[in-house]
Amino acid sequence: MPLSPSQLKAAVSGLLSFPVTPFGPDGAPDLPRYREHIRFLLSHRPGALFVCGGTGEFFSLTLGEYRDLVQAAVAESQGSGVPIIAGVGYGTAMAREFARAAQEAGADGIMLMPPYLIVPEQEGLLAHCREVAAAVDIGVVLYQRDNAVFHPETVAALAGAPNIVGFKDGHGEMERLIRIRQAVGDRMFFINGMPTAELSAPAFLGAGVRDYSSAVFNFVPEISRAYYEALTAGAQKRVQELLDGFYLPFARLRDRVRGYAVSLVKAGVSLRLGDVGGARPPLVNPSDAHLKELEAIIAQGLALVA
């Protein structure tokens, strides 16, 4: 049975993972490889798995592919105690459709990504989130980034819905985040959802947000765990060592090409754990030269936690 919204709110904490979606030679989702990857991630004890999100290339999935992937993640997670939260998005009608598919597949919650293309007024953003949340009974996590930037009053109004229980921030404006947390109180959990979230994790921790999504958990969970434990223990020297030795070099490589926040992570999984295919267009895959750089960065990071 899926968790209730209140149970989901209590369960999501710590170091969170956003799995990639493997694709086979025919370009279709490779479900056996996906199940294998989910099992690998679960073995490293994430606080939750957010499947078919940005890192999971939600934007490129058909509804049928999406349903199969969520169902597979739910099946593999049975008995693990790790919540499965599925990304949903696009316009209101399609987001409701994906949300219902996630609930039918057994997900514990959904993460509501920004609406397609439109930069809405707060009134429209409020209505969009309410309508999608009302389509399901499972918990809903709001995702602030790009064209979905919330006013504190909007989030406070949404927190009145019985199943809107979480807020993921990929915008990174600390004052706004603090005002939102003050407006909401303990009615939601908060997650740092910035790209390569470890870089901004110290700032978020200072704003009272400890938990974050780690994209590199996909292929170097040892480094992710070491960094999280150092950060939350206040071991500043160790935090800086891991930033200098792994995260900053990785981020510099990530920033060279648009879309590398996804395709570079998939390349890391293939280098370290076995082939998961490339990213679907319009994302581009890393060049051979960039793959060699990534391999060296991974080796350098692993040496720090050996």
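The values are calculated or read from the model by the stated rules, or taken from the named source; none is laboratory data. Owing to the predicted nature of the structure, the values given are computational and were not obtained by experimental measurement. As a convention, Cβ positions derive from the backbone with ideal geometry for all residues, glycine included, and neighbour counts pool all protein chains shown. Only protein heavy atoms, including side chains, enter the accessible area calculation; ligands, DNA and RNA are left aside. Shrake-Rupley method; radii C 1.70, N 1.55, O 1.52, S 1.80 Å.
Here are some notes:
- Residues of type aspartates and glutamates that LYS168 reaches as a straight line, Cα spacing below 13 Å, ignoring anything fewer than 8 places off in the same chain: ASP146, ASP211
- Theoretical ellipticity at 222 nm over the chain - DSSP helices of four or more residues, -39500 (n - 2.57) apiece, nearest 500: -14500 deg cm²/dmol
- Applying a DSSP loop filter and a limit of 10 other Cβ atoms within 10 Å to the GluC sites (Glu not before Pro) in the stretch 112-182 leaves GLU121.
- Residues of the chain: accessible area per residue with a 1.4 Å probe, Å²: 41
- Fraction of accessible area attributable to carbon and sulfur, the chain (%, probe 1.4 Å): 53
- Cα-based shape type of the stretch 100-196, given that a ≥ b ≥ c are square roots of the gyration tensor eigenvalues and the cut on a/c is 1.5: rounded
- Heavy-atom SASA rank of ASP169, ASP288, ASP68 (probe 1.4 Å, accessible area, largest first): ASP288, ASP68, ASP169
- Computed over the chain with a Gaussian network model linking Cα atoms closer than 10 Å, the most mobile of VAL284, VAL132, VAL74 is VAL284.
- Considering only SER270, SER200, SER43, the Gaussian network model of the chain with Cα springs below 10 Å gives its largest mean-square fluctuation to SER43.
- Projecting the Cα positions of PHE204, LEU294, GLY47 onto the charge dipole of the chain (unit charges on Cβ atoms of Lys, Arg, Asp and Glu, taken about the Cα centre) puts PHE204 furthest along the positive direction.
- Relative contact order (%) - the stretch 86-200, alpha-carbon pairs under 8 angstrom, separation at least six: 22
- Candidates per chymotrypsin sites (Phe, Trp or Tyr not before Pro) in the stretch 23-59, loop by DSSP, up to 15 other Cβ within 10 Å: none
- Tensor-based shape of the stretch 1-106 (alpha-carbon gyration tensor, a/c under 1.5 rounded, otherwise prolate or oblate): oblate
- Note on the chain: dipole from Cβ charges, positive end direction compared against VAL70, PRO249, LEU3; the farthest Cα belongs to PRO249.
- Restricting the stretch 1-98 to GluC sites (Glu not before Pro) in coil, as DSSP defines it, with at most 11 other Cβ within 10 Å: none
- Contact order relative to length of the stretch 1-85, as percent, for alpha carbon pairs under 8 angstrom and 6 or more apart: 36
- Using the Karplus relation 6.51 cos²θ - 1.76 cosθ + 1.60 with θ = phi - 60°, the per-residue 3J(HN,Hα) values for the stretch 200-210 come to 9, 4, x, 5, 5, 4, x, 8, x, 10, 8 Hz, with x marking Gly and Pro.
- By the Kirkwood approach, averaging reciprocal distances over each pair of separate Cα atoms, the chain gets a hydrodynamic radius of 19.3 Å.
- Highest-MSF residue in the chain out of ALA207, ALA99, ALA72 [GNM, Cα springs under 10 Å]: ALA207
- For the chain, the relative contact order comes to 18 percent (Cα pairs under 8 Å, sequence separation of at least 6).
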